[in-house]
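Inspection log for the structure reproduced underneath, given as structure tokens.
What follows is calculated from the coordinates using simple rules that are stated; it is not laboratory data. Note that the structure is predicted; figures quoted are calculated from it, not measured. Neighbour counts run over all protein chains shown; Cβ positions are idealised from the backbone, glycine included.
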Amino acid sequence: MSRTRRIARVLGVVLAVVAIGTAGCRGGGSPRTGDLAPDFVLPDLDGNVHKLSNHRGKPVLVNLWATWCPPCIAEIPLLDEIVREYGPQGLVVLGIAGDDDARNVQDFVTKHAPRFKVLLDPGGTVGTLYGITGYPESFLVDRDGKLVTKFIGPVPSESGRLAQPVASVLAQSLAGSD
């Protein structure tokens, strides 16, 4: 067998192995708009367990953050404003703290008193599941459990208020939750 044929055969085998090994894989690992949001089960600071799918029927803003992250801390007042404005209309806001030490999260919550439910994810499992690239990142999930949009970095705002395009997306999600 000629050298060229051997190289072609080896290359063919390598390509076949790569194709088989990557079948079904999706780049980025992050859910896409319209996908069912990955479900998770996490405790809150009181030890109560929360499951994303238990909120079906209501839109949910899932915010992944950490106490050591300056943009996350700066985003807290905006998230509180979202809870004040959209919570009475049915929006649920879940803040998933990726800190390794629950005491740090408890101290932070005691000091800052966020208006949203804070869940603990010390291993960063949900961040991995959602394919985040850093903190903060947020995911708006509709009443059917499907991803509507993703915000990389803080939720967009203008002069401390929710940016109009974001407000429009939230309003559309809430309109569908009746």
Somewhere in the range 78-86, is a residue over 18 Å from the mean Cα position of the chain (by Cα), in contact (Cβ under 8 Å) with a residue 60 or more places away in the chain, within 15 Å of S138 (Cβ to Cβ) and surrounded by fewer than 17 Cβ atoms within 10 Å (Cβ to Cβ)? yes
From the set of residues in the range 153-178 that are among the hydrophobic types (A, V, I, L, M, F, W, C) and assigned to a helix (DSSP H, G or I), which is farthest from the chain's Cα centre (by Cα)? A175
Residue ID - nearest to L64 (Cα to Cα), chosen from residues in the range 103-133 that are of a type outside the set (A, V, I, L, M) and in contact (Cβ under 8 Å) with a residue 60 or more places away in the chain: G127
I need the full set of residues from the range 69-92 which are in contact with a helix residue (DSSP H, G or I) (Cβ under 8 Å, 6 or more places away or on another chain) and farther than 20 Å from L36 by Cβ, in order please. I73, I76, I82, Y86, Q89
Is there any pair with a first residue in the range 32-45 that is over 15 Å from T125 (Cα atoms) and a second that is part of a loop (DSSP other than H, G, I, E, B) whose Cβ atoms are under 7 Å apart and which are 6 or more apart or on different chains, and what are they? L36/G145
So, G57, is that one of a type outside the set (V, I, T), out of contact with any strand residue (DSSP E or B) (no Cβ under 6 Å at 6 or more places or on another chain) and in a helix (DSSP H, G or I) or not? no
Output for the range 117-145, where each listed residue is within 25 Å of A171 (Cβ to Cβ) and among the hydroxyl-bearing types (S, T, Y): Y130, S138
Picked from the range 153-178 (must be of a type in the set (S, T, Y) and surrounded by 14 or more Cβ atoms within 10 Å (Cβ to Cβ)), the residue farthest from I82 (Cα to Cα) is S177
Based on this model, can you work out whether D100 counts as over 12 Å from the mean Cα position of the chain (by Cα) and without any contact (Cβ under 8 Å) to a residue 40 or more places away in the chain? yes
